[in-house]
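Here is the structure we will look at.
Readers should treat all values here as calculations from the given coordinates under stated rules, not as data from a laboratory. These figures come from a predicted structure and were not determined experimentally. Glycine gets a Cβ as well: all are built from the backbone with ideal geometry, and neighbour counts include every protein chain shown.
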2 protein chains.
Amino acid sequence: MMAQTPQTEAEFLASYDPKAFDAPLATVDVSIFTVIEGALHVLLIKRDEFPFKGAWALPGGFVDLSQDNGLDATAMRKLQEKTGVEASHLEQVQTIGNLSRDPRGWSLTVLYFALMSAESVTLNPGAGATEAAWHKLKGGQVEPPLAFDHAKLLKRAFARLQNKARYTMLPGYVLAEEFTLTELINIYRILLEEDLDNPMMRRRLLRSGMLEETGSMREGGNRPAKLYRYARAASNHVFDRNLEAGK
Amino acid sequence: MMAQTPQTEAEFLASYDPKAFDAPLATVDVSIFTVIEGALHVLLIKRDEFPFKGAWALPGGFVDLSQDNGLDATAMRKLQEKTGVEASHLEQVQTIGNLSRDPRGWSLTVLYFALMSAESVTLNPGAGATEAAWHKLKGGQVEPPLAFDHAKLLKRAFARLQNKARYTMLPGYVLAEEFTLTELINIYRILLEEDLDNPMMRRRLLRSGMLEETGSMREGGNRPAKLYRYARAASNHVFDRNLEAGK
DNA sequence: ATAATAGTGTCTTTAAGACAATATTAC
DNA sequence: GTAATATTGTCTTAAAGACACTATTAT
């Protein structure tokens, strides 16, 4: 308790006790998406700690006040911990907070989603987990039951990603650095769960100005295909018109 | 400290101390927008407490763990406290957390924006404030310097609102229940800071299916104008094409 | 009548959507 | 040659954008 009412801001801050008020538990959770063998996958870890010990969950955890520069840093730290690499895209989705989502009490989680290529990633359970694995997504859901409200969080993250497939170039960030147009369009098909006209998508993607030819070709199948990459300044193009698919 | 490692979830929860970990301070801040005399305004309060005592700030405050059902509830409570009414629209924008934004330590704020008609609102400073007033916005900024990082938060909330003006019917929520098409189009002009073709906007707004005629007219000026209101199921129409204005 | 604001009609442009046709590889 | 996939071309449609025009009030 304060000795007396402080008269200046310096006095106030000197006597301020951050633990005087009840604060919610604050965590960051990340939905890390990739595409493996033509299907969308999300990275899950198997919890080795209470609560929900033994259950699958989104990677996440408490903000580390001494280590994290900001919320994005917490999300990136979690990502690095589990995959050893940086994501091609990381984006905050929403913050959910209430009394019921965590049996430990009033808690709040800042939900992120990340996109990365599954190539060259070695999964690492890290502290507090016994396993880390890619799980196939069907309609924004995953096979096993998830800890906390993570099933709901996952659905929301997927919904955001799916929606952005209708008007941005984001989906390509689940691919490796070089890819063909057909590969890129297929990612859109997977996310929007609908067939898309090839010539239309081709024109649309090229018009974005975000793609550049690498100069080489993908050989091996039938007709070889040009390889593309995202242009450096990858300013994340937003189309003026949405695809009607995936509504 | 725990006596020993718990074996069951129930044991774990019984011995769990939420204050064992350092948690960030968690607040909710709300940018409440309206249009008064053809200009966009935001509701600010003058702080009567440290830190930033005497400075203008966005209405907001700590989550009340005993009272708030969720983060949206915290935002609605703040809104009610200052205006006495409910907002026509309330939406979460983003969560910002870092060590530098609050001199009291690592803190996190969940930013919301709200839209309401200024009509029939009596402003109320409420606890912790000496004044509450509408401040005119110019380019997402307000005259007086703001407490904390609120100038940045305000800019971000405004950017979100401006962006949504390009592809949603949201802007109308700053109007009273009944309005003319010209009034509605003018809100878009104010938000996008650009002139808009009247016939084009008229067709666009009517095609949304979100408007219904009230049956009465606004008289008084020159030619009377039909009055409209948002149709009940106001499912928040999203246009498939964006306006080019305001890019 | 004129001024002022509300509201309609029509043309152009752009990009999505549909689909036919051609090109390049492997076999 | 055929199969398979990559790539190009052309037509339709819908809505934005531009702008001319008509309608209804007040004075």
What does the highest-first list of A:53-61, B:115-123 look like by mean Cβ count within 10 Å?
-> A:53-61, B:115-123
Rounded to the nearest Å, the spacing of the alpha-carbon centers of region A:121-190 and region A:37-112 is 14
Candidate aspartates and glutamates - alpha carbon under 17 Å from A:Lys19, same-chain residues fewer than 8 apart omitted | A:Asp64, B:Asp17, B:Asp22, B:Asp64, B:Asp102
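Given charges of +1 on the Cβ of Lys and Arg and -1 on the Cβ of Asp and Glu, with all other atoms neutral, how large is the dipole of region A:52-158 about its Cα centre, in debye to the nearest 20?
It works out to roughly 420 debye.
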Determine the alpha carbon to alpha carbon distance for each of A:Lys164/B:Lys226; A:Lys155/A:Lys226; A:Lys78/A:Lys138; A:Lys136/B:Lys155; A:Lys164/B:Lys53; A:Lys155/B:Lys82 and list only those over 31 Å.
-> A:Lys164/B:Lys226; A:Lys155/A:Lys226; A:Lys136/B:Lys155; A:Lys164/B:Lys53; A:Lys155/B:Lys82
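Which shape class, rounded, prolate or oblate, goes with the protein assembly as shown when its Cα gyration tensor gives a ≥ b ≥ c as root eigenvalues, a/c under 1.5 marks rounded, and past that a/b bigger than b/c marks prolate?
Oblate, since a/c reaches 1.5 and b/c is not below a/b.
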If you build a Gaussian network model of chain B, linking Cα atoms that sit under 10 Å apart, which residue out of B:Arg156, B:Arg223, B:Arg202 swings the most?
-> B:Arg223
Shortest first and in nm to one decimal, what separations exist between B:Met200 and its copies in the other chains, measuring from label points 7 Å along the Cα-to-beta-carbon line?
-> 2.4
Which value in nm describes the separation of the simple spin-label points at B:Asn236 and A:Thr130, placed 7 Å from the Cα toward the beta carbon?
-> 4.1
Helix B:198-207: angle to the longest alpha-carbon principal axis of chain B, degrees 0 to 90, nearest 10?
-> 60
Hey, if you put +1 on the Cβ of every Lys and Arg and -1 on every Asp and Glu Cβ in region B:177-230, which of B:Phe179, B:Gly220, B:Met200 ends up farthest toward the positive end of that dipole?
-> B:Met200
Measuring label to label, 7 Å along Cα→Cβ, what does A:Gln141 give against each other copy in nm, shortest first?
-> 5.0
Burial ordering of B:Thr168, A:Thr34, fewest other beta-carbon atoms within 10 Å first | B:Thr168, A:Thr34
Mind grabbing the base-10 log of I(q)/I(0) for region B:70-148 at q = 0.11, 0.16, 0.20, 0.23 Å⁻¹? Debye formula, identical points on the C-alpha positions, no solvent, two decimal places.
-> -0.35, -0.78, -1.21, -1.43
In Å, what is the Rg of the alpha-carbon atoms in region A:113-236, and how long is Dmax?
-> 16.6, 49
Amide N proximity, region A:100-117 versus A:Ala55 label position 7 Å along Cα-to-Cβ, cut-off under 18 Å = A:100-111
Here FRET efficiency (C-beta to C-beta, B:Glu193 to B:Lys152, R₀ 22 Å, nearest 0.05) is 0.65
Determine the shielding of peptide A:15-25 by partner chains: average, over its residues, the number of Cβ atoms on other chains within 10 angstrom of each Cβ.
-> 6
Excluding B:Ala147 itself, what net charge comes from residues whose Cβ is under 13 Å from its Cβ, given Lys and Arg +1 and Asp and Glu -1?
-> 0
For region B:177-230, just say rounded, prolate or oblate: build the C-alpha gyration tensor, square-root its eigenvalues into a ≥ b ≥ c, call rounded for a/c under 1.5, and beyond that prolate if a/b exceeds b/c, oblate if not.
-> oblate
If chain A were replaced by its equivalent ellipsoid, with semi-axes equal to the square roots of 5 times the Cα gyration tensor eigenvalues, what would those be, largest first, whole Å?
-> 40, 21, 17
Among A:Gly140, A:Gly215, A:Gly38, which one shows the biggest mean-square fluctuation in a GNM of chain A, springs joining Cα atoms closer than 10 Å?
-> A:Gly215
Compute the Cα gyration tensor for region A:1-109, then decide on rounded, prolate or oblate, letting a ≥ b ≥ c be the square roots of its eigenvalues: rounded whenever a/c is under 1.5, prolate when a/b is larger than b/c in the other cases, and oblate in all that remain.
-> prolate
0 to 90° range, to nearest 10: angle between helix B:181-192 axis and chain B longest Cα axis = 50
Cα Rg over Rh - region A:156-196, Kirkwood = 0.95
Assuming R0 = 60 Å, what is the FRET efficiency of B:Asn69 and A:Glu212, from their Cβ-Cβ distance, to the nearest 0.05?
-> 0.75
Could you pull the copy-to-copy label distances for A:Glu11, with points set 7 Å along Cα to Cβ, in nm to one decimal and sorted shortest first?
-> 5.1
